[in-house]
Amino acid sequence: MLKKIGMFQHCNEDELSQLSTLMLLKEGKKRDVLFYESDPCDVIYFIKKGRVKVFKTTEDGREQIVNLLGKGDMLPHVGWYGGSDYPATAELLEDGELYFMYVQQFTQLLEQQPKLTVKLLKELDVKIRALQSRLSHVLSKDMTEKIWGVLYALVKEKGKRIDEGFLLEIELTHQDIANMVGTTRETASRIISQLKKEGKMHLDHRFLMIKE
């Protein structure tokens, strides 16, 4: 099963065997919090099943979603090396299962397995580039461009190719989308309705489709 985790898919049998001795499995329910922002980062997670939102809380108490993660993803991407704190809060969007490993064991393993470290760096490079791409859209001054750009980048990165465009199976509310770009739910709903009318996207309670 570890082969389905992004950073482990190219590992050989010996590396997978070492990893399996350190991995534990955790089941979680929708809205369970895996960790809170600023707590000591002592556990690292790998998603086996389900989806997780990663968010920061602004000074006025609003939620700002910085990432949406799914099957095969690792979290956190940063903060686990050098005794840092979790950079954001992570919450399950649906019932799920996660492998987890204590940070101390993980860092010791990387020090012992340089090839595994290189694979991790390659995986993190891909993830961070994708995150930067999505965040670049948030800097747009036009809210329609923000929402369209963030959703397009998200579905293209994590979804699958279909005849009409890209499809991502995910429970995503209008409030979630508003929290991704820093606007109100009402504004997000109005723009989403307009994008639907223009035939650019379809949002259901279980999936998001972007048309090309």
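The values are calculated or read from the model by the stated rules, or taken from the named source; none is laboratory data. Nothing here was measured: the structure is a model prediction, and the numbers come from that model. Using ideal geometry, Cβ is built from the backbone for each residue, glycine included, and neighbour counts are taken over all protein chains shown.
Being at pLDDT 90 or above, among the small types (Gly, Ala, Ser) and surrounded by 15 or more Cβ atoms within 10 Å (Cβ to Cβ): is that true of residue 178 here?
The answer is yes for residue 178.
Scan the stretch 16-48 residue by residue and report those that are of a type in the set (D, E, K, R) and in contact with a helix residue (DSSP H, G or I) (Cβ under 8 Å, 6 or more places away or on another chain).
Answer for the stretch 16-48, where residues must be of a type in the set (D, E, K, R) and in contact with a helix residue (DSSP H, G or I) (Cβ under 8 Å, 6 or more places away or on another chain): 42, 48.
What are the pairs, 6+ residues apart or on separate chains, where a residue within the stretch 4-33 that is among the small types (Gly, Ala, Ser) has its Cβ under 6 Å from a residue that is assigned to a loop (DSSP other than H, G, I, E, B)?
Within 6 Å, the pairs are 6/72.
Would a scan of the stretch 39-47 turn up a residue that is free of Cβ contacts under 8 Å to residues at least 40 places away in the same chain, of a type in the set (Phe, Trp, Tyr) and over 26 Å from residue 146 (Cβ atoms)?
The answer is no; no qualifying residue exists.
Can you tell me which of 124, 116, 110, 131 is surrounded by fewer than 18 Cβ atoms within 10 Å (Cβ to Cβ) and either basic (Lys, Arg) or over 25 Å from residue 65 (Cβ atoms) (or both)?
From the options 124, 116, 110, 131, the qualifying one is 110.
Out of 54, 66, I need the residue that is modelled with pLDDT of 90 or more and either under 18 Å from residue 85 (Cβ atoms) or not in a strand (DSSP E or B) (or both). Which one?
Of the residues listed, the single one that is modelled with pLDDT of 90 or more and either under 18 Å from residue 85 (Cβ atoms) or not in a strand (DSSP E or B) (or both) is 54.
Considering only helices (runs of 4 or more DSSP H) fully contained in the stretch 80-166, which possess at least 2 residues that are among the basic types (Lys, Arg) and under 28 Å from residue 42 (Cα atoms)?
Where helices (runs of 4 or more DSSP H) fall fully within the stretch 80-166 and carry at least 2 residues being among the basic types (Lys, Arg) and under 28 Å from residue 42 (Cα atoms), they are 114-138.
Can you confirm whether residue 189 is at pLDDT 90 or above and loosely packed, with under 14 Cβ neighbours inside 10 Å?
Judged against the criteria, residue 189 is not a match.
Kindly establish whether residue 152 is aromatic (Phe, Trp, Tyr) and in the same structural domain as residue 82 (by TED's automatic domain parsing).
No: the conditions fail for residue 152.
With the requirement that a residue be of a type outside the set (D, E, K, R) and either assigned to a helix (DSSP H, G or I) or in the same structural domain as residue 65 (by TED's automatic domain parsing) (or both), what does the stretch 179-197 give you?
Passing the criteria: 179, 180, 181, 187, 188, 189, 191, 192, 193, 194, 195.
Can you spot a residue in the stretch 42-51 that is aliphatic (A, V, I, L, M), assigned to a strand (DSSP E or B) and farther than 18 Å from residue 95 by Cβ?
Yes, some residue in the stretch 42-51 is aliphatic (A, V, I, L, M), assigned to a strand (DSSP E or B) and farther than 18 Å from residue 95 by Cβ.
Could you please find all residues in the stretch 104-151 being β-branched (Val, Ile, Thr), modelled with pLDDT under 85 and over 19 Å from residue 74 (Cβ atoms)?
If the condition is that a residue be β-branched (Val, Ile, Thr), modelled with pLDDT under 85 and over 19 Å from residue 74 (Cβ atoms), then 138 is the only one that fits.
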